[in-house]
Amino acid sequence: MDIIIRTATINDAEKVAKIKIEGWQTAYRGIIDDEFLDNMNLNEEIEKRKNNIENGVDIIVAELNNEVIGFCLYRNYIKEPESYPNANCEISSLYVKSSLKRNGIGTELMQHVIQKLQNQGKTQMILGCLKENYPSRAFYEKMGGKVLKIEKLSFGNKEYEEVIYEYDISKM
């Protein structure tokens, strides 16, 4: 596969939003309530991604044959630094079209982001994943993530557990 990794543009917002929703509806079926998953709003998600891109949030996309097939949203800072005093960067979203998973696309996206963060002098990265999302957890662990802690978060009216992984990217 000849995958191109590039910075997302405003024209990618809808494609990124669709990949995220499809990713949630596939990966989280049976974990998160169907009602929540079935009512994810594409227009709201598009607006979030446009807002991210317009405000300089770092999003890269994976492209195959001129089609966006995955993306990664990351930060060269921590959204909640008081919760993670040792971390100085994070990946907050990493999604690949379900039909193309297990082809190395997620690995390429993650390695690209880690390289960018290393180039900025970052050393400790965090990433969260729903505890019951075992396929993704296996991937994050294979990529070098160590469980830092488990936190609670909620979607809709239900609480879930999220595993927070820590990566020592200074040694990768």
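The values are calculated or read from the model by the stated rules, or taken from the named source; none is laboratory data. Keep in mind it's a predicted model, so treat the numbers as computed, not measured. Heads up, the Cβs are rebuilt from the backbone with ideal geometry, glycines too, and the neighbour counts pull from every protein chain shown.
When restricted to residues that are over 23 Å from A27 (Cα atoms) and of a type in the set (D, E), the stretch 91-128 contains 0. Considering Y165, Y84, Y77, Y134, the condition of being in contact with a helix residue (DSSP H, G or I) (Cβ under 9 Å, 6 or more places away or on another chain), farther than 16 Å from T7 by Cα and among the aromatic types (F, W, Y) is satisfied by Y165 alone.
If a residue has to be buried (at least 18 other Cβ atoms within 10 Å of the Cβ), more than 21 Å from N11 (Cα to Cα) and in contact (Cβ under 8 Å) with a residue 60 or more places away in the chain to count, how many in the stretch 53-90 make the cut? Result for the stretch 53-90: 3.
Within the stretch 19-27, none of the residues are closer than 22 Å to I105 by Cβ, aliphatic (A, V, I, L, M) and outside any helix (DSSP H, G or I). Within the stretch 6-25, residues that are in contact (Cβ under 8 Å) with a residue 60 or more places away in the chain reach partners that are hydroxyl-bearing (S, T, Y) and surrounded by 20 or more Cβ atoms within 10 Å (Cβ to Cβ) with beta carbons closer than 8 Å, at six or more positions or on different chains, in the pairs I19/Y95; K20/Y95; G23/Y95. Would a scan of the stretch 52-66 turn up a residue that is closer than 26 Å to E166 by Cα, at pLDDT 95 or above and among the small types (G, A, S)? The answer is yes; a qualifying residue exists.
Whenever a residue of the stretch 113-130 is at negative phi, its partners that are basic (K, R) and surrounded by 17 or more Cβ atoms within 10 Å (Cβ to Cβ), lying with C-beta atoms within less than 6 angstrom and at least six residues away or across chains, give the pairs C129/R137.
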